[in-house]
């Protein structure tokens, strides 16, 4: 009797990603949800009089700062005859197109048409598409949604209480996603990273026992975890009884639309000092931005992964020996095939976060306001709950 091999890949059905929660383009359910929030798009210190291309939520835009210091975010095709404003010249009042000199301010108003009589008798009828921007915590933020639904820009209490001798530092590299400060854009779907924040069990496996201690040895202790919904999203409490007898509750938050608040990885006691954002560039790329409170004399530590070299300097063979978040998440593909997932009890946080995200997307589709959106400046400050908290004996 011939034995039949079971479970082979032959004839496997074509699998797919969950478009409702993963895709962010204009007009998609997830994209319209995302456009109800403010998004960090650049470091303020890097926005100057040189126009730069920015891609966010699948849209290509041009970002600049006029000579009066105001940031502007415009649709790149000039309203005149379509050349890109990337080659424009920034002036006191805005950006001037290189082709025929039309001048647009940071809100898209056409101020000058130098080839036309009287510098453009009807220039006030032309508007270059634009998006509102604000600056906060060393970051430039953009709102890309319906004007009548523009919320106030969220603030975070841990970043508001800056004492003498402290400062806020903003970063925009892939280091928090397992890369380093030489790489800005991560080539995979934003959800791969964001939902990972509600997965505490990958820490003792990926970051400790599998690849060696990437944080601190105590993170290798398998935690007891509870997940909870919160006013702006979710959090988990990971309890660990450490070898030295200390008992630790480590709280991590994932808040809408893509905020991640992770406590100090050295297990220093107290609230998280920083906040991060997983910003979709498009469906298959994202950027990480972080803002955190540090001492005034803070100097960034250059992370070295293997034999004194940065992650970007490692070979594929070396990354196989010590994989991190980049390898695990980018390894899921440009967009993870969610239909192939087999979620189990330890994935409760991921499953809950996906379900909550789907609920908020559908709330927007039905005309409602999603979690974390407020139009009241008095309610703009969010209390950070994430942190490392040692139980008192």
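Can you report the number of residues in region 40-53 which are under 20 Å from residue 258 (Cβ atoms) and crowded, with 22+ Cβ neighbours inside 10 Å?
So the count comes out to 3.
Conditions (1) closer than 21 Å to residue 130 by Cα; (2) touching a helix residue (DSSP H, G or I) at 6+ places or on another chain (Cβ under 8 Å); (3) not assigned by TED's automatic domain parsing to the domain that holds residue 257, marked per residue:
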residue	(1), (2), (3)
4	no, no, yes
11	no, no, yes
15	no, yes, yes
20	no, yes, yes
49	yes, no, yes
55	yes, no, yes
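Picking from 145, 176, which residue would you name as being touching a helix residue (DSSP H, G or I) at 6+ places or on another chain (Cβ under 9 Å), in the same structural domain as residue 207 (by TED's automatic domain parsing) and within 22 Å of residue 34 (Cα to Cα)?
So the residue among 145, 176 that is touching a helix residue (DSSP H, G or I) at 6+ places or on another chain (Cβ under 9 Å), in the same structural domain as residue 207 (by TED's automatic domain parsing) and within 22 Å of residue 34 (Cα to Cα) is 176.
Of all residues in region 139-148, which are in a loop (DSSP other than H, G, I, E, B) and surrounded by 17 or more Cβ atoms within 10 Å (Cβ to Cβ)?
Answer for region 139-148, where residues must be in a loop (DSSP other than H, G, I, E, B) and surrounded by 17 or more Cβ atoms within 10 Å (Cβ to Cβ): 144, 145.
What residue, among those in region 57-77 that are out of contact with any helix residue (DSSP H, G or I) (no Cβ under 6 Å at 6 or more places or on another chain) and in a loop (DSSP other than H, G, I, E, B), is surrounded by the fewest Cβ atoms within 10 Å (Cβ to Cβ)?
Among those that are out of contact with any helix residue (DSSP H, G or I) (no Cβ under 6 Å at 6 or more places or on another chain) and in a loop (DSSP other than H, G, I, E, B), it is 69.
Answer with yes or no whether residue 124 is assigned to a helix (DSSP H, G or I) and surrounded by fewer than 18 Cβ atoms within 10 Å (Cβ to Cβ).
For residue 124, the condition - assigned to a helix (DSSP H, G or I) and surrounded by fewer than 18 Cβ atoms within 10 Å (Cβ to Cβ) - is met.
So how many residues does region 181-222 have that are farther than 21 Å from residue 238 by Cβ, in contact with a strand residue (DSSP E or B) (Cβ under 7 Å, 6 or more places away or on another chain) and in a helix (DSSP H, G or I)?
Final tally of qualifying residues: 1.
Restricting region 223-253 to residues that are assigned to a loop (DSSP other than H, G, I, E, B) and in contact (Cβ under 8 Å) with a residue 40 or more places away in the chain, which is surrounded by the most Cβ atoms within 10 Å (Cβ to Cβ)?
Checked region 223-253; the qualifying residue surrounded by the most Cβ atoms within 10 Å (Cβ to Cβ) is 232.
Has region 60-79 got any residue that is outside the structural domain of residue 257 (by TED's automatic domain parsing) and out of contact with any strand residue (DSSP E or B) (no Cβ under 9 Å at 6 or more places or on another chain)?
yes
Go through region 267-284 and report how many residues are under 15 Å from residue 30 (Cβ atoms) and touching a strand residue (DSSP E or B) at 6+ places or on another chain (Cβ under 6 Å).
Of the residues in that region, 4 qualify.
Please pick out the residue among 136, 159 that is within 24 Å of residue 36 (Cβ to Cβ), within 24 Å of the chain's Cα centre (by Cα) and surrounded by fewer than 19 Cβ atoms within 10 Å (Cβ to Cβ).
136
In region 11-34, what count of residues is obtained for those that are in a loop (DSSP other than H, G, I, E, B) and under 21 Å from residue 332 (Cα atoms)?
10
Show me the helices (runs of 4 or more DSSP H) entirely contained within region 254-371 in which 3 or more residues are over 30 Å from residue 165 (Cα atoms) and under 18 Å from the mean Cα position of the chain (by Cα).
325-330, 348-365
Given the criterion closer than 20 Å to residue 196 by Cα and modelled with pLDDT of 95 or more, identify the matching residue among 326, 277.
Selected residue: 277, the only one of 326, 277 that is closer than 20 Å to residue 196 by Cα and modelled with pLDDT of 95 or more.
The values are calculated or read from the model by the stated rules, or taken from the named source; none is laboratory data. Because the structure is predicted, anything quoted here is derived from the model rather than measured. Glycine gets a Cβ as well: all are built from the backbone with ideal geometry, and neighbour counts include every protein chain shown.
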